[in-house]
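The values are calculated or read from the model by the stated rules, or taken from the named source; none is laboratory data. Keep in mind that this is a model prediction, so the values were computed, not measured. Here the Cβ positions follow ideal geometry from the backbone for every residue, glycine too, while neighbour counts run over all protein chains shown. For the accessible areas, the whole protein counts, side chains as well, though only heavy atoms, and no ligand, DNA or RNA atoms are used. Shrake-Rupley method; radii C 1.70, N 1.55, O 1.52, S 1.80 Å.
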Amino acid sequence: MKRLLTLVALAAALTASAQVKVVKLWDNASAPHSNGITAPETEKEGRLYNIAETELYIYPADAAKATGQAVVVCPGGGYRLVIIRREGHEVGQWLAANGITAVVLKYRLPNGHCHVPLEDAEAALRYIRNHAAEYGVDPSRVGIMGFSAGGHLAASAATMLPDAVRPAFAVLVYPVITAEPGKCHKGSFDRLLGTDRTAGDEAQWSLEKRITPSTPPALLLLADDDRIVSTANSTFFYKALKANKVQNCSLRIYPGGGHGGALDPAHIYRAQWRADILDWLAMLAHEDQKPTSKPR
């Protein structure tokens, strides 16, 4: 009851300026695989722990500005928790206000079951495409966005899911990408793969190694002074995109902001990274409208 009242209060506070629809996808009993978490889910200061139930918080685009695009938003938290307020609901409200339908994903934590979060991301992509008409979304314009470990989840969806399911684009904000020793965010991979992981496991989930020419375009944003996730994570991924000739990609490195600092309303680069994301998404929308062949 206490958890229910907390979540109701949180939802009421966060949806004052935007209508949100909550969709329960599944839990450990009904999903294809379980993460083995049996402890009750808890919330503290906008952060969720012990997640074993997958939910979507859908923020429909402002109809006056709708672009037809939709974005599945994957908050971060080192695969230990989900920062649902700042990297989820606040981002969803902002995207919707700018004409982009946002699907904030409360994904199940891996707890050593590496495919569980990706299973949830795939289900979220399928859901919004299957309900595209209901939300005024073009199913060919459904992308994904992720922050930190949520960036790893988003990049996993962009590189590991079958081509027919992959997002149309990926926005990766200070993402975890590589498991390479000395470059990786160790805690994220400890929780994703376990501490007894092999070199083969690490290679499989080092996403810069999974890029092919069919990988969708990506925008990467990070701060030069990030002390939690090495900048090499983003640069490795971007270099692999270019090596595979993936078009319409971009890498933005801001002078400051640390890890997550650009989300702080008081931060100097907050307005810039938001503008950069919207500009890039608008560029993709424009590219989609170009004819595929010369008119006769």
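Per DSSP helix of 4 or more residues, -39500 (n - 2.57); summed, then divided by the residues of the chain. What does that give at 222 nm, rounded to the nearest 500?
The helix contribution divided over the chain gives -10000 deg cm²/dmol.
At 0.36 nm per residue, minus the direct Cα-Cα distance, what do ALA232 and THR42 gain on full extension? Give it in nm, one decimal, please.
Separation in residues times 0.36 nm, less the Cα-Cα distance, equals 65.1 nm.
Given the protein chains as shown and a 1.4 Å probe, how many square angstrom of ASP163 are accessible, to the nearest 10?
100 Å²
If you average the alpha carbon positions of the range 244-263 and of the range 174-190, how far apart do those two centres end up, in angstrom?
Rounded to whole Å, the Cα centres lie 17 Å apart.
Tell me which residues come under 5 Å, amide H to amide H, from VAL171 once H is placed; ignore anything under 5 positions away on its chain.
For VAL171, whose amide H was placed from the backbone, the distant partners under 5 Å are ILE144, MET145, GLY146, LEU219.
In debye, nearest 20: dipole of the chain around its Cα centre with unit charges on the Cβ of K, R (+) and D, E (-)?
360 debye
Rounded to the nearest 5, what is the percent of antiparallel bridges among the DSSP beta bridges in the chain?
Roughly 40 percent of the beta bridges in the chain run antiparallel, per DSSP.
Given a 1.4 angstrom probe, what's the average accessible area per residue across the chain, in square angstrom?
Spelled out: the 1.4 Å probe surface of the chain, per residue, equals 44 Å².
Given the pairs LYS106/LYS245; LYS65/LYS239; LYS183/LYS209; LYS21/LYS186; LYS24/LYS44, which span a C-alpha to C-alpha distance of over 23 angstrom in this model?
Going by Cα-Cα distance, LYS106/LYS245; LYS65/LYS239; LYS21/LYS186 fall outside the 23 Å limit.
Please work out the Cα center distance from the range 143-170 to the range 66-116, rounded to the nearest Å.
Between the Cα centres of the range 143-170 and the range 66-116 lies a distance of 11 Å.
Mind checking which helices in the chain clear 27 Å along their axis (Cα) and have mean Kyte-Doolittle hydropathy of -1.0 or more, DSSP H runs only?
270-289
Report in % the part of the accessible area of the chain that belongs to carbon and sulfur, leaving out ligands and nucleic acids; probe 1.4 Å.
53 percent
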